[in-house]
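Quick notes on the structure that follows.
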Amino acid sequence: MKASLRASAGSREVVVLLYRHLLSGTAAIVMFMMMLVTLIDVLGRYLFSSPLNGAYELTELMLAAVIFLGLPLITAEGGHIAVDLLDSFFGSWGQRIQNALIEVINVLAFGTFTWVLWEHALKVQRYADTTAVLQIPLSWLAFMMAITTGLATLALVLRLIFGSSRLFAQGEQ
């Protein structure tokens, strides 16, 4: 029994590391690429009077990718902004009910958001939507947004089930 608990704890750490490193590493690479596009665009514009064609579109796509890659991480770490205007009115029991209610509302909202984004991604793929200048297909971004929002929803469900405001322990950062 103890060996299986250790194995499950070890597999949880592997999943958390993969989750964290895959998302944050990809976001860091995309952010670096966004910096390079901006640098090349600015240097081309001011030194050679020839800006990078489609730099605005590339930056737009990469910014959306960075935001949505960070969403599941912030959600799993409980890093969203929280306003505690009503906390002083409730006792500890009332705060637990309030927190559970907020978690359920969050799961429903993020679940709906995931579903709507998934439907949108399918529509974007069906219509073969592309960017205006560079003709970059948009379906990859729409599906990435739906998947990362789904991961954020999963993080909220796990927080609701296990009752933790943070899925990642302090030592795992």
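The values are calculated or read from the model by the stated rules, or taken from the named source; none is laboratory data. Since the model is a prediction, treat every value here as computed from it, not as a measurement. Don't worry about glycine lacking a Cβ; one is built from the backbone with ideal geometry, like all the others, and counts go over all protein chains shown.
Structure notes:
- Residue within the range 103-122 that is among the hydrophobic types (A, V, I, L, M, F, W, C) and more than 22 Å from the chain's Cα centre (by Cα) present: no
- Residue, farthest from L117 (Cα to Cα), within the range 32-84, restricted to residues that are among the polar types (S, T, N, Q) and in a helix (DSSP H, G or I): T38
- Residue in the range 155-164 that is in contact with a Phe, Trp or Tyr (Cβ under 8 Å, 6 or more places away or on another chain), under 28 Å from V16 (Cα atoms), at pLDDT below 95 and not polar (S, T, N, Q) present: yes
- Criterion (crowded, with 17+ Cβ neighbours inside 10 Å, of a type in the set (A, V, I, L, M, F, W, C) and out of contact with any Pro (no Cβ under 7 Å at 6 or more places or on another chain)) met by exactly one of A121, A28: A121
- Checklist (1) under 23 Å from Y19 (Cα atoms); (2) modelled with pLDDT under 95; (3) not aromatic (F, W, Y) applied to A109, failing item: (2)
One line per residue, one yes/no per condition, for (1) within 25 Å of the chain's Cα centre (by Cα); (2) at pLDDT 95 or above; (3) surrounded by 15 or more Cβ atoms within 10 Å (Cβ to Cβ); (4) not polar (S, T, N, Q):
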{"residue": "H21", "(1), (2), (3), (4)": "yes, no, no, yes"}
{"residue": "S24", "(1), (2), (3), (4)": "yes, no, no, no"}
{"residue": "L36", "(1), (2), (3), (4)": "yes, yes, no, yes"}
{"residue": "L39", "(1), (2), (3), (4)": "no, yes, no, yes"}
{"residue": "V83", "(1), (2), (3), (4)": "yes, no, no, yes"}
{"residue": "S92", "(1), (2), (3), (4)": "no, no, no, no"}
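- Filtered residues of the range 123-148 (kept if part of a helix (DSSP H, G or I) and within 23 Å of P72 (Cα to Cα)): V124, S139, W140, L141, A142, F143, M144, M145, A146, I147, T148
- Set L108, L101: member being closer than 18 Å to V157 by Cα, free of Cβ contacts under 8 Å to residues at least 60 places away in the same chain, exposed (fewer than 12 other Cβ atoms within 10 Å of the Cβ) and not polar (S, T, N, Q): L101
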